[in-house]
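Undergrad: The structure that follows is given in the form of structure tokens.
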Amino acid sequence: MGKKDLWKVRRSFILFGVYFFFVSLPTLGETKMEIEIIPFGQIESAVLDHLKVNLTEVFKAQISIGETQASPEYAYNQKRGQYYSSLILRNLLKLKENKEKKILAIIDQDLYVLELNFVFGEADPLDNICLISITRLHQSYYGLAENEDLFLKRTLKEAVHELGHLLGLRHCLDPGCVMHFSNSLADTDRKDYRFCKNCRKFLS
């Protein structure tokens with residue numbers, strides 16, 4: 001076999017390999033994704049039920065509610081009066097038996113990472129674990145009258161956002177996309193709970 005013929009054979013294998021890789025990638029909803037919601041401390045059942053119903057719709061996933069965990073006092077920074085979210089994520093690994101299952105932890109405590117004053121949530125895509133805080137999503141946090149509907153919408157948006165990171169999505173420039181970075185609560189209120197067309201293309 002000549003060099004040209006040998007190259008043709010190799011090229012065929014390469015093209016077949018690339019084709020097989022892309023056609024075998026699972027699309028959103030093609031395989032039954034498993035998401036377990038793990039509450040830290042006392043989280044109202046209305047919040048958990050709202051997430052379970054709506055995350056099932058968004059991700060076409062199998063959603064379960066895990067056992068409630070004690071408040072993660074090991075992550076509390078007394079000087080800041082906040083909880084270090086990265087440390088909570090690392091400890092969540094101890095509860096993870098299935099590597100493919102995605103974990104969404106939810107806590108009603110203010111969170112921070114070293115680079116920022118606060119965060120609404122944090123995700124670890126390598127370990128399929130993410131965490132959201134609902135503390136700053138309450139109207140009462142800002143001295144305003146509570147609005148349950150608005151609060152639940154904010155909670156869903158933050159949950160979808162962090163789970164989106166577990167699927168490989170980065171922050172989106174579209175302010176209406178759920179993957180847009182929320183620098184403030186106004187950003188969260190402005191965006192939708194769904195992915196924009198470009199982000200959906202990445203998942204399809």
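Values in this text are rule-based calculations from the coordinates and carry no lab data. Predicted model only: the values in this text are computed from it and were never measured. For neighbour counting, all protein chains shown are included, and Cβ atoms are generated from backbone atoms with ideal geometry for every residue, glycine included.
Undergrad: Give region 58-81 a look and list any residue that's farther than 23 Å from P125 by Cβ, among the aromatic types (F, W, Y) and in a helix (DSSP H, G or I), or say none.
TA: Y74 - this is the single residue of region 58-81 that is farther than 23 Å from P125 by Cβ, among the aromatic types (F, W, Y) and in a helix (DSSP H, G or I).
Undergrad: Using the structure shown, decide if L166 is in contact with a strand residue (DSSP E or B) (Cβ under 6 Å, 6 or more places away or on another chain), among the aliphatic types (A, V, I, L, M), under 25 Å from K32 (Cα atoms) and in contact (Cβ under 8 Å) with a residue 12 or more places away in the chain.
TA: Yes: the conditions hold for L166.
Undergrad: Give region 163-177 a look and list any residue that's within 16 Å of D192 (Cβ to Cβ), of a type outside the set (A, V, I, L, M, F, W, C) and surrounded by fewer than 21 Cβ atoms within 10 Å (Cβ to Cβ), or say none.
TA: Of everything in region 163-177, those that are within 16 Å of D192 (Cβ to Cβ), of a type outside the set (A, V, I, L, M, F, W, C) and surrounded by fewer than 21 Cβ atoms within 10 Å (Cβ to Cβ) turn out to be H171, D174, P175, G176.
Undergrad: Please report, ordered by residue number, the strands (runs of 3 or more DSSP E) entirely within region 82-154 with at least 2 residues that are over 14 Å from the mean Cα position of the chain (by Cα) and more than 16 Å from I43 (Cα to Cα).
TA: Filter on region 82-154 gives 82-84.
Undergrad: Given the condition surrounded by fewer than 18 Cβ atoms within 10 Å (Cβ to Cβ), without any contact (Cβ under 8 Å) to a residue 60 or more places away in the chain and either touching a His at 6+ places or on another chain (Cβ under 8 Å) or at positive phi (or both), answer yes or no: does some residue in region 108-124 qualify?
TA: No, region 108-124 has no match at all.
Undergrad: Additional query: Over 23 Å from L93 (Cβ atoms), surrounded by fewer than 16 Cβ atoms within 10 Å (Cβ to Cβ) and of a type in the set (A, V, I, L, M, F, W, C) - does that describe any residue in region 192-200?
TA: no
Undergrad: Determine if region 100-109 includes at least one residue that is more than 22 Å from L48 (Cα to Cα) and basic (K, R).
TA: no
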